[in-house]
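A.B. asks: The structure follows.
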Amino acid sequence: PTGGVCEARRGGAMAKSKKRRDGEASLDGLPAGRNEPKTAPMSRTAVVTKPKKKSPKTAAAAAVGSSNWSALATRIGAGANPVAKKRKQERLAREESEAAGTDSNGRDAGEGAGKHRWRSDDDGVNNRVEETRVPKKKPAPTGRNTALTDLIALDCEMVGAGVDGRKSILARVSVVNEDGNVVLDTFVSPTEYVVDYRTQVSGVRPSDLKGAPGFKEIQLKMANILKGRTLIGHALKNDLKCLFLDHPKSKTRDTALFRPLTRPLRANERAQDSGIARGRGSRSLKELCASHLGLEIQGGEHSSVDDARAALLLYKKCEVAWERELRVANTGVKDSQKKKDSAKKRMMKNSDDASGSDSDDDMDAGLPAKQSKKHHNSGGVSKHRKGVRTTDPFAARAPRVDLFRR
């Protein structure tokens with residue numbers, strides 16, 4: 001019996017293996033029992049797996065979730081916000097322009113404006129791909145007005161003179177109006193021998209100063225321009241110093257001194273007098289433009305026109321808070337001055353009243369004021385003590401008199 005059972009089991013296993021081989025042969029549409037194709041040999045041990053069917057519970061949950069979202073989206077109006085649609089369109093247009101190598105206005109991004117990224121191919125090799133990006137913007141005019149306005153911005157470029165070129169002298173002056181349009185932009189003939197042109201920073205070359213107007217001429221022009229106007233700039237102390245000019249503090253707006261645009265002092269600056277108001281440190285104009293305006297300046301050689309426009313844009317962004325702070329400060333000064341004036345007037349009034357009472361007492365005595373102070377009589381001496389006049393020797397504040405003295 002044992003042998004019969006083993007034979008039966010062996011026969012069943014052989015039948016199953018034959019059925020499996022027939023199924024493998026029919027996978028490529030070949031009839032069962034034929035030879036397998038030579039180009040695509042298959043393993044005898046390959047197992048055919050059937051795709052799993054989703055359980056009814058999972059399908060029902062997905063249907064319920066989608067139905068819930070559709071009902072909620074209809075209720076809250078998802079996807080109907082025009083602002084969100086506009087932002088999405090702008091984002092898609094920007095991505096397409098970056099992929100095409102142009103900026104947002106359809107212009108070529110320019111050579112050298114790209115950044116590199118690595119892309120892996122199917123064969124596993126990393127290839128370096130050039131990906132273009134939109135270059136950062138620079139300050140530009142905001143209007144068409146080219147006239148001289150009451151609000152102007154100033155920036156100067158200096159070159160080095162004196163020992164080791166440490167002394168700064170004027171080399172270029174740029175003034176823009178309230179719209180950012182250039183009112184004055186000229187090089188200035190140096191008054192001393194130039195030791196260091198500082199071209200990598202100032203952008204001034206020896207050829208720029210040949211035939212340039214003289215310093216006195218530009219100084220006179222700047223004095224006429226500044227008269228009665230509000231001046232904007234960054235670290236204007238240095239610009240006015242090289243021009244040998246001065247400007248009223250009430251008409252000056254310096255972006256290096258405005259508290260919201262400054263920074264806390266560093267550890268090595270706390271023991272020094274930095275000249276910045278209220279113990280604050282000044283930030284560079286390049287840093288301020290990048291953080292507050294999203295503009296790029298002073299990437300290499302400086303441009304005094306760009307720097308003046310950048311200072312103007314910073315002032316316009318902070319104009320409301322800036323002017324409000326100045327009004328509050330001026331109001332406080334006026335109030336303190338009024339208090340001082342009123343106290344002074346009270347003191348003068350009290351002194352006048354005291355002198356008037358003395359003159360009235362002199363008139364009551366029938367003597368002039370000058371003579372009454374020196375007047376003596378036999379009964380008692382006329383004295384003036386602490387604002388009290390008396391001739392009665394028995395008065396409370398009368399001087400002590402010996403009546404029995406011969």
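The values are calculated or read from the model by the stated rules, or taken from the named source; none is laboratory data. Predicted model only: the values in this text are computed from it and were never measured. With ideal geometry, Cβ positions are generated from the backbone for all residues, glycine too; neighbour counts draw on all protein chains shown. These accessible areas exclude ligands, DNA and RNA; they are computed on the full protein's heavy atoms, side chains included. Shrake-Rupley method; radii C 1.70, N 1.55, O 1.52, S 1.80 Å.
A.B. asks: Given (1) assigned to a loop (DSSP other than H, G, I, E, B); (2) modelled with pLDDT under 70, where does Ala78 come up short, assuming only one miss?
C.D. replies: Of the numbered conditions (1) assigned to a loop (DSSP other than H, G, I, E, B); (2) modelled with pLDDT under 70, the odd one out for Ala78 is (2).
A.B. asks: Suppose the filter is within 14 Å of His302 (Cβ to Cβ) and open to solvent by 60 Å² or more (accessible area, probe 1.4 Å); does Tyr197 pass it?
C.D. replies: Values: within 14 Å of His302 (Cβ to Cβ): yes; open to solvent by 60 Å² or more (accessible area, probe 1.4 Å): yes.
Yes, satisfied.
A.B. asks: Working carefully through the options Leu220, Leu240, find the one that is out of contact with any helix residue (DSSP H, G or I) (no Cβ under 6 Å at 6 or more places or on another chain), without any contact (Cβ under 8 Å) to a residue 12 or more places away in the chain and closer than 18 Å to Val305 by Cα.
C.D. replies: Within the list Leu220, Leu240, the selection yields Leu240.
A.B. asks: Also: Give the range 200-212 a look and list any residue that's surrounded by 13 or more Cβ atoms within 10 Å (Cβ to Cβ), among the small types (Gly, Ala, Ser) and part of a loop (DSSP other than H, G, I, E, B), or say none.
C.D. replies: Passing the criteria: Gly203, Ala212.
A.B. asks: Looking at the range 223-234, which of its residues are closer than 20 Å to Ala256 by Cβ, aliphatic (A, V, I, L, M) and either surrounded by fewer than 16 Cβ atoms within 10 Å (Cβ to Cβ) or in contact with a helix residue (DSSP H, G or I) (Cβ under 8 Å, 6 or more places away or on another chain) (or both)?
C.D. replies: Leu231, Ile232
A.B. asks: Could I ask something else about it? Does Gly233 meet the test of being touching a residue at least 60 places away in the same chain (Cβ under 8 Å) and touching a strand residue (DSSP E or B) at 6+ places or on another chain (Cβ under 6 Å)? Spell out how you get there, then give the answer.
C.D. replies: Details: touching a residue at least 60 places away in the same chain (Cβ under 8 Å): yes; touching a strand residue (DSSP E or B) at 6+ places or on another chain (Cβ under 6 Å): yes.
When the stated conditions are applied, Gly233 passes them.
A.B. asks: Considering (1) buried (at least 16 other Cβ atoms within 10 Å of the Cβ); (2) part of a helix (DSSP H, G or I), say which one Glu217 fails and leave the rest.
C.D. replies: With respect to (1) buried (at least 16 other Cβ atoms within 10 Å of the Cβ); (2) part of a helix (DSSP H, G or I), Glu217 is out only on (1).
A.B. asks: List every residue pair whose Cβ atoms sit under 8 Å apart, with the two residues 6 or more apart in sequence or on different chains, where the first one lies in the range 286-304 and is without any contact (Cβ under 8 Å) to a residue 24 or more places away in the chain and within 15 Å of Gln200 (Cβ to Cβ) and the second, anywhere, is part of a helix (DSSP H, G or I) and open to solvent by 60 Å² or more (accessible area, probe 1.4 Å).
C.D. replies: Gln298/Lys286
A.B. asks: From the list Ala171, Ala147, exactly one residue is of a type in the set (A, V, I, L, M) and in a loop (DSSP other than H, G, I, E, B). Which is it? Outline the logic, then answer.
C.D. replies: Numbers: Ala171 fails: in a loop (DSSP other than H, G, I, E, B).
The match here is Ala147.
A.B. asks: Still on this structure, I have one more. In the range 138-157, how many residues are of a type outside the set (Ser, Thr, Tyr) and open to solvent by less than 40 Å² (accessible area, probe 1.4 Å)?
C.D. replies: Quick first cut of the range 138-157, residues of a type outside the set (Ser, Thr, Tyr) only: 138-141, 143-145, 147-148, 150-157.
Okay, now just the ones that are also open to solvent by less than 40 Å² (accessible area, probe 1.4 Å), so 139, 143, 151-157.
Residues flagged as of a type outside the set (Ser, Thr, Tyr) and open to solvent by less than 40 Å² (accessible area, probe 1.4 Å) within the range 138-157 amount to 9.
A.B. asks: Would you tally the residues in the range 291-310 being of a type outside the set (Asp, Glu) and loosely packed, with under 15 Cβ neighbours inside 10 Å?
C.D. replies: Selection size over the range 291-310: 4.
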